[in-house]
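Below is one structure, written out as structure tokens; comments come after it.
Quick note: the coordinates plus some simple rules give every number you see, no bench work behind them. These figures come from a predicted structure and were not determined experimentally. Neighbour counts are summed over all protein chains in view; Cβ atoms, including those assigned to glycine, are modelled from backbone coordinates with ideal geometry.
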Amino acid sequence: MTRSNRTGAAAACLAATLAVAGCSGAGTTGSGSSTLNIATMTFPQSLDPAQAVGSALPFFQATYDTLVKREPDGEFRPMLATAWKYNADRTELALTLREDVKFADGTAFDAAAVKANMERFKKGGGADAKWLKDLEAVEVKDASHATLKLKQPNPAMLFYLSDAAGLMANPAAFGKGDSLKTTPDGTGPYRLDKAKTTIGTKWVYQRNPDYWGEELPYETLTMSFFDNETAIVNGLKTGQVNAALLQSADQQISIESDPRMKTTKQEFDFQGLLLFDRGGALTPALKDARVRQALNLAVDRETMLRAIRQNRGEITSQVFGPDTRGYAEELDTYYAHDPDRARELLRAAGHADGFTLKLPRISAIVNDALAASLTADFEAVGVKLVWDDLDGASAVRKVFTDRAYSGMVMNIGQSSSDWVVVDELVNPGAFNMFGTTDATVRELVARVQSGTAEQAGTAVRSLNEHLVKQGWFVPFYRMSYLHVSDGTVTVHPQSGMAVPSIYNYSPAK
């Protein structure tokens, strides 16, 4: 991955947490089944699918179909592609396409459109453009058949085609400057109502009367931006909005006391310390696995979860989530809080007097309670933790461009795809910026990438165990989020995504 792509990926990750600029202007909506108003604290800077990112995917799903549909449980189903098949070494993915789909101007969706969209996405510079780094070419067989030719096997390709990289826009719009930024042109179930939309505040979509697929239950879909969860909770209670995702423990507790609300829990993000400097370039002590193990043993995860999240979540010592094949329940509790053992490991590694670890801090991610807790836990074993306060803009530059820190406390979404986890966190890139690895990791990653399904499953479980035992990361806990509706809507959480797909909402029975 190039430095620019690395920085772009990091910026997108931070943006999901830090998109809190602006103010809400959502209008009152009816609570009947013809209208759905979803509150959100993130929004796209552009409606051009070449710039789409997963955290804002619902804005794009309204007007653009993906090649593959990802169901709530993570299973892949036909959408614009009705069938797909890999060749023997999985370097070619043949797609069979629907033949009855047209864009708004009557242009037929076909294999040429697939080629144009995927080449544009890869070259477009969006935060998720890296997903197609293995795409060498798109070969058009005929109007309903296209083959993706890959430089090497990429086990997450179907996942990507069900996400931002699979969004299909009308190629006729590609030569019209920035028109797609505010005027989406796809084959999706809705069309943007520009007269009722205020970019940055409220996006209103009306049902597409010519949609080729199954009609969704709502005639009007609205996405309303809010800059804080207190306002979202008030909007739910007053009927201003119908559904939302709440991350704050306090706001979750507040909404649960209202008997009118329907709630569904989901664990998605994990919060933890991502160690970048396992080679010891900046902090030599981190090169020793015993030191990294000591940091894991120093953290009192149960106390942190209770004090900071009011027990809304599950402690964990692994970066693989429960929806992946790599996940192992017993690894959640691999590192029990044991400061005595941590001090023993530090002494054995030659750091009886401890060492200093400097980390960046963005207050939106690391609040005062978390900063104090981690500082105290590390100090108890002899590690002096120094925080460098940054804002979001300077963090991207100093952390990911300048590579000025040995790690960072972050919230990271846990994908349902094993390869997404491997590629994002283990392979060289944004979160392995120094490219550190070892012989075991190289061998297991190769088997995950190129082995049969059974071989890959065995390898990724072994890889996860190795990463945990070597202390590659210091996860704290998976955080419980709460999907909430005003009682008129049923919300189904989406595997591998914090926000539900637009297909996951239906009128409550």
Can you tell me how segment 110-172 classifies by the Cα gyration tensor, rounded, prolate or oblate, using a/c under 1.5 as the rounded cut? oblate
Summing -39500 (n - 2.57) over every DSSP H run of at least 4 in the chain, dividing by its residue total and rounding to the nearest 500, the 222 nm mean residue ellipticity is -8000 deg cm²/dmol
About its Cα centre, what dipole magnitude does segment 267-480 give when the only charges are +1 on Lys and Arg Cβ and -1 on Asp and Glu Cβ, stated in debye to the nearest 20? 420
Name the residue farthest towards the positive end of the dipole of the chain from the options 464, 46, 238, assuming +1 on Cβ of Lys and Arg, -1 on Cβ of Asp and Glu, about the Cα centre. 46
Under the classification rounded if a/c is under 1.5, otherwise prolate if a/b is larger than b/c and oblate if not, where does segment 267-480 fall, given a ≥ b ≥ c as square roots of the Cα gyration tensor eigenvalues? rounded
Which value, in debye to the nearest 20, describes the size of the charge dipole of the chain about its Cα centre when Lys and Arg Cβ atoms bear +1, Asp and Glu Cβ atoms bear -1, and nothing else is charged? 740
Between residue 310 and residue 341, what is the FRET efficiency for a Förster distance of 45 Å, r being their Cβ-Cβ separation, to the nearest 0.05? 0.95
Order of 345, 67 - criterion: other Cβ atoms within 10 Å of each residue's Cβ, fewest first: 345, 67
Sequence gap at least 6, Cα distance under 8 Å: using those rules, report the relative contact order of the chain to the nearest whole percent. 21
Shape of the chain from its Cα gyration tensor (a ≥ b ≥ c, root eigenvalues): rounded if a/c is under 1.5, otherwise prolate when a/b > b/c, or oblate? oblate
Summing +1 for each Lys or Arg and -1 for each Asp or Glu, what net charge is found among the other residues whose Cβ lies under 9 Å from the Cβ of residue 497? 0
Between residue 264 and residue 376, what is the label-point separation in nm under the 7 Å Cα-to-beta-carbon projection? 3.8
Tally Lys/Arg at +1 and Asp/Glu at -1 over every other residue whose Cβ is under 12 Å from the Cβ of residue 176; what's the total? -3
Considering only DSSP beta bridges whose two residues both sit in the chain, what percent are antiparallel, to the nearest 5? 80
Multiply the residue gap between residue 281 and residue 140 by 0.36 nm, knock off their C-alpha separation, and tell me the result in nm, one decimal place. 46.1 nm
Among 383, 422, which comes first, then next, by fewest other beta-carbon atoms within 10 Å? 383, 422
For the peptides 148-154, 73-79, what is the packing order when you average, over each peptide's residues, the other Cβ atoms within 10 Å and list the highest mean first? 148-154, 73-79
Please give the net charge around residue 375, taking every other residue with its beta carbon less than 15 angstrom from that of residue 375, where Lys and Arg add +1 and Asp and Glu add -1. -3
Per-residue counts of other Cβ atoms within 10 Å, averaged by peptide: what ranking do you get for 496-509, 240-253, highest first? 240-253, 496-509
What is the distance in Å between the Cα centres of segment 346-371 and segment 76-92? 46
DSSP beta bridges in segment 267-480 [antiparallel fraction, %, rounded to 5]: 70
